[in-house]
1. Test of understanding: among B:576, B:613, which residue is modelled with pLDDT of 70 or more, among the charged types (D, E, K, R) and touching a Cys at 6+ places or on another chain (Cβ under 9 Å)?
2. In the list B:596, B:556, which residue meets the criterion of being at pLDDT 90 or above and β-branched (Val, Ile, Thr)?
3. Is at least one residue of the stretch B:83-97 at pLDDT 85 or above, out of contact with any Asp or Glu (no Cβ under 6 Å at 6 or more places or on another chain) and loosely packed, with under 14 Cβ neighbours inside 10 Å?
4. Keeping to the stretch B:544-555, report how many residues are out of contact with any Lys or Arg (no Cβ under 9 Å at 6 or more places or on another chain) and either without any contact (Cβ under 8 Å) to a residue 24 or more places away in the chain or surrounded by fewer than 24 Cβ atoms within 10 Å (Cβ to Cβ) (or both).
5. Please list, ordered by first then second residue, the pairs with beta carbon atoms under 6 Å, 6 or more apart or interchain, first in the stretch A:265-293 and more than 9 Å from every other protein chain (Cβ to nearest Cβ) and over 17 Å from residue B:42 (Cβ atoms), second small (Gly, Ala, Ser) and part of a helix (DSSP H, G or I).
6. I'd like the full set of residues that are within 7 Å of chain A (Cβ to nearest Cβ), small (Gly, Ala, Ser) and either touching a residue at least 40 places away in the same chain (Cβ under 8 Å) or closer than 26 Å to residue A:240 by Cα (or both), limited to the stretch B:1-53.
7. Report yes if residue A:192 is at pLDDT below 85 and either surrounded by fewer than 19 Cβ atoms within 10 Å (Cβ to Cβ) or acidic (Asp, Glu) (or both), otherwise no.
8. Identify the single condition in (1) at pLDDT below 90; (2) surrounded by 19 or more Cβ atoms within 10 Å (Cβ to Cβ) that residue A:178 does not satisfy, given that it satisfies every other one.
Amino acid sequence: MQYTSVESEGFEPRVGMYEEDLKKFNWNLLILQTVLFGIGIWNLISASGTQDKAFGLYKTQLIWFALGLCMTAIVLLLHYSLLSRVAYIIYFSNLILLVLVLVLGKSSLGAKRWIGFGSLRIQPSEFMKISMVICMAKYFENDRTVGGYGFRDLILPGLLVAVPVGLIILQPDLGTALILVFTFCSMMLFLGVRTRTLAMIGLCGVLAAPIIYKFGLKDYQRQRLISFIDPSADVRGANYNRRQSQVAIGSGQIMGKGYKKGTQSQLNFLPEHHTDFIFAVFSEEHGFIGCLILLAIYLVFLSQGLSVSYTSNDKFAMLVSLGICLIYFWHIFVNMAMVMGLLPVVGVPLPFLSYGGSALITAMLGVAVLTNIANKKLMF
Amino acid sequence: MSFLGQEQQVREYQHRFKYLNVGLAIAFTLLLIQLLNLQVLQGDSLRSASEENRIKRVKIPAPRGMIFDRTGRLLLDNRPAFDLEVIPQYLKESKLIDETVTTISKITKMPTQDILKILNRAKGQPAYLPVKLKTDLSRDEVAELKSWQIAMPGVSVEMEIKRTNVYGDLASHMLGYIGEVNSTELPVLQKNSARRYKLGDSIGKFGLEQKMEHVLRGEDGEEWVEVDALGRRKLEKYRGRFIAESQGKKANPGKNLTLTVDQDLQKAAADAFGDKVGSVVAIDPNTGEILAMVSRPSFDPTEFSRGIPSSLWQSLLANENKPLRDKTIMDHYSPGSVFKTVTAVAGLQERVIDENTKFHCSGSLRLGNRVYHCWKKEGHGEVDVINALTKSCDVFFYRLAQKLKSVDDIATWALHLGLGRKTDINLPRETSGLIPTEAWKKRRFNQEWTAGETLSVAIGQGYVLTTALQLANTYASIANGGTFYRPFLIKKINTVDGELEKEFQPEVLDQTRLDPKTYELIKKGLWGVVNHPNGTAYAQRLPGMNFVGKTGTVQVISLAANKIYQKCENMKFRQRHHGMFAGFAPMDNPKIAVAVIAEHACHGSSGAAPIARAVIKTYLEKYFPDQYGPKALSEKGVNPNQSLQIKGVEDEDVVPGIQNSSMMDDEQDQPPEPQIKKPEE
C-alpha cells in the first residue's frame, strides 16, 4: 500500500473540487447539520416568541448560519492538510484573542466573553475548542510512542491546554473550560496513557479538588455545586433554575404540550431558555417522543462524525476529526445532563439548537472540517 | 519515522473506536433513562408543578357598603381615583424616555425634573414594578393621557377605589375612616370574625367604618389568572389558550347603611359651629334616633382612604383642638349648670321640694368652714325651682342637695335619665362619663363622701362627667317624660340590590315615668331659660317654636380668686370656660332634643345655645313645615327671624372655688392610625 504523507513528500494539496469529487461527495454531516439547525430555528422561534428579551433572536441566528455556510464553502475548497501546516499559527492567534478578551472584552451577565469587531461580537473561547483539537492533532501527528504516554509526555500538551483553559476560566466561562478539559482528557485516553500515570493523575485530581473548590471557583459556581449535591438547600435561589428546567422537561410528558404552548418557557419560568436551557423548551413542547427523535439525530450525527475519523487514513485527520466529534459529544452530553438535572448548572450550549453566533459558527466549522476530511482522504 | 509506522498506528487506533462507541452508548442511555424518569415516571407530578407555577389566585376586592342619610342622600361613597403609573422596564425598552417624560409633563403640569426624580428613586426596585407618578388625576388629564397612551409604552392610567366622604369633613367622626390592617389588629380580627383577613387588607379603623366593619365589608372574590415568572398578569388575548373560564368567584359588595341623621341638620350644626371647637348631638326624644352628630374641628377621611401623607397626619395629631377625637362620645366634660335640671328632677321626684319650696339666695352658702358661692355675687333673693332653673341659681341647688338623703339620690336619677353609663350606640370608643356615688368614692379613693362634694355634684361639678351624647339623651328623656331610649345611628341595613336586611327599632333602656307635676315644673323652668327675659339664654329664643333648655358655663382650669371674675374673652384660648347647652323643642310635644358643648366658648348662652337653636330651627322647619314653617309661623303672627339680641340680659358665669374632675383628667389615647404614606424626601 502506497500512502503518501502530505508532510514528508512535499505534496501540494489540490485546491478546488473536481467533478468526480462531487459524485462521491459525502453529504451526510452537512445534511444532518441542516436538519439539526432547522429544528433549532423552529424551536428558537417558539422560545423567543414571547415578549421577552429574546424576541426575534432567530433572525440573528439565521444570519449567523448564512455566515457559517460561507465559511463552510471556503473550508471545503481547501485541503485539510493545510490545517496541519498552520496548526500552531491558529492556536497562538486564538490564544492572543483570548488575552484580548480579558483586556478589552465586552461583558455580559458579569462575564467578559466577547470581543467586538464593529457590530460583530465573537466569543474566541468557542473557536478555541477547534484550535485546541487541531493543535493537539498536530502535536501528536508524528509521535510514534507505543504502550501509552507517561507523565513526562503529558507535560507539554497539558500546558498547551492549560493556558487557554486558564484564560477562559478568568473570563469566567467554566462551561467552555470544562469542555476543553474533557475533550483533551478523552483524546489523551484514546491515544493511550499508562495505567500508573493515570492512577497518579487521578490521585492528584482528588487531592486538588478541595483546593480548586476553595480558591478556583466563584461564589455562584460554588452555590450551584452545593445546590446540586443537596437540592433542598436553596430551592428559590441557585436550585431554582434546575428545578424549573426539570419541571419543564417533565411536564412535557410523552406527547409534549404542543409547539409554542410550553408554559414554562413562554412565561419565562425557564431561565436562559433560548441559550443553555433550549433543550428544556424543546422537551416541554414535544415530549418524550420529540426528545427521542432529537437524541436519535444527534446519535446518528456523532456516529457519522466518528466514522469519518475511523475511515481517515492519516493520523492528523483521524485526531482532528476525533477531537471535533468529542467536542460535539461533550457539548451534547453535558448540556442535556445539566438541563435534566444530572449535572450541576454550567453554561454549555447545545450544538445547533442553542442561540449564539460563535457557538454556531464553531459547530459549523467542525462539520466543515469533518466533511473536508471525509471527502479528501482518498485523493493522491 | 516511517509511513508504515503511521499506518500501523492508525490501524491500532481504529481498534480503539469500539471503546468510543461503548462510551457513546452509555452516555446516551443515561440521558434516555433520565428522560424516561422525568417525562414518563414523574410526568404527572411535574405537569401539575408547571400548572401551579403559572396559575395564580388573584383577589378581586369587594367594594365596601355605602352609607346614606335618613333621606337617602349618599354620605360615604366608593369613587374611582385615577393614578398615573409607569413601568420603567417598558419605558427603557421603548427608548422614548425623553419624549414620554416631556409629554407627561405637558399633560400633568409636573416639572420634568420631578418626574425624573421619581423614576430615579425607583431604580432600586425591580424594573417591571409600576411606579406611581401622580395620584388623583383630573378627568381631563385622564382623557388626554389615554389618547397619548399608544405613543407612550409603559405609561398607564390605573384606577383605584377611593372611599369618599361626599361632604368633605362633615360627619367624619361618625362615618370614620379605613386603613390597612396592622399586625396587632389582625389576630383579633381573625379570632372574632368569620371572614378571612390578611395583611394589606383595608379595614374600618374609626367610627361606623369600624363598628359596622362586619356589615360594610363585602366578600372578596377571586379569579385564577395566568402569570409569568415575574408575577405579571398575562394579557387577555393570551389567556384563553390556557385557562378554563369558569373558574373563580365573584366579589360580593358590602351592605349599605341608612342612617338616622339628616344631612341638612348636620350642615346646619356645622355651619353654626363655624370655627368653634366642640360637639353637638341632636336626638329624636320619641325614638332615640340620632338626628345630627357633629364634632369640630374635623378632618376629611377621603384623604385617609389611600394612604394619608405623613405630614398631614402629623399635623392632625399635633393640633391642640384634637380634630381626630370624636368629641360627642370620646370626651367627657363637667356638665355644669346643664346638670341642674337633673338635680331638680331628683329633688322633685324624691319629694324634698315642691312647686312652693323657696330658698333664699344671698350669693353664697356656708357649709362648715367653707363658703359655696353662687355665680351671681349679689345673690338672687327668694327663688323657687322654676326661677332657680331659669336664672341658674347655684344656692338653690346647694340647699336642695342638703335636703336630699345623700348624693346617691342625684346619681339614681342621673342614671335613669341616661348619664353615667355607656349607651352602646353604634360607634366605637364611647366613654361612660361619671356620676359619683358614695360607694364609688369609697371604692375609688377609699374615702368617705363629704357633704360639700354633694353640693358640687348638685350644680354639675366636682366628679360629674358627661358626654355630649349623654346630655342629649338626658334632655330627650326629660322631654318625653322619663323614657331613656337607646340612641341609635343606623336606621336600616340594605343589600346592594336594595333588599332590606335589617331595620332598627327604638329600644327603651330605662323607663321611669316622671310625675306630671315634676314634668311640668322642669319644663317651665327650662322654658324660662330661653323665653323669660330673666333667662340666661333669652337671646336665643325661637318665637313660635317653644324652644326650651338650660345653659352651662364650666371653668376648665382652677383660677386664683382674683382672676375668676375677669372677662373670659381676655384669657388665653385654652383657659377660657366651656360653654354648654342642652334643650329640646317644642316644649309641649318635643320633637328634638339637642346638647351642645362648645369648648372655650366662654358662655353657654352665647357660645353653645345658638348652635342648638340653629339645629332645632332647621329640623322643625324641614320636618313640620305645616306647624313651624315660615309661612305657618307668620300666620300665627310670629317672626322667627326677628333680631334677638337684647341688651341687659344676664349672662351666667362660672361658680368660683369649685374644682372639676375634668380638669384633672388629661389622659387621652392616641387615635388609630390609618395607612400613612412614607414621608417624601
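1. Within the list B:576, B:613, the selection yields B:576.
2. Exactly one of B:596, B:556 is at pLDDT 90 or above and β-branched (Val, Ile, Thr), namely B:596.
3. No; the residues of the stretch B:83-97 include none that is at pLDDT 85 or above, out of contact with any Asp or Glu (no Cβ under 6 Å at 6 or more places or on another chain) and loosely packed, with under 14 Cβ neighbours inside 10 Å.
4. So the answer is 1.
5. As it stands, the answer is A:265/A:47; A:273/A:47; A:273/A:265; A:274/A:47; A:277/A:245; A:281/A:47; A:281/A:265, since those pairs meet every condition given.
6. Listed by number, the residues that qualify are B:27, B:43, B:49, B:50.
7. no
8. Only one criterion in (1) at pLDDT below 90; (2) surrounded by 19 or more Cβ atoms within 10 Å (Cβ to Cβ) is unmet by residue A:178, namely (1).
The values are calculated or read from the model by the stated rules, or taken from the named source; none is laboratory data. A quick note: this is a predicted structure, and the numbers were derived from the prediction, not measured. FYI the Cβ positions are ideal-geometry reconstructions off the backbone, even for glycines, and counts take in every protein chain you see.
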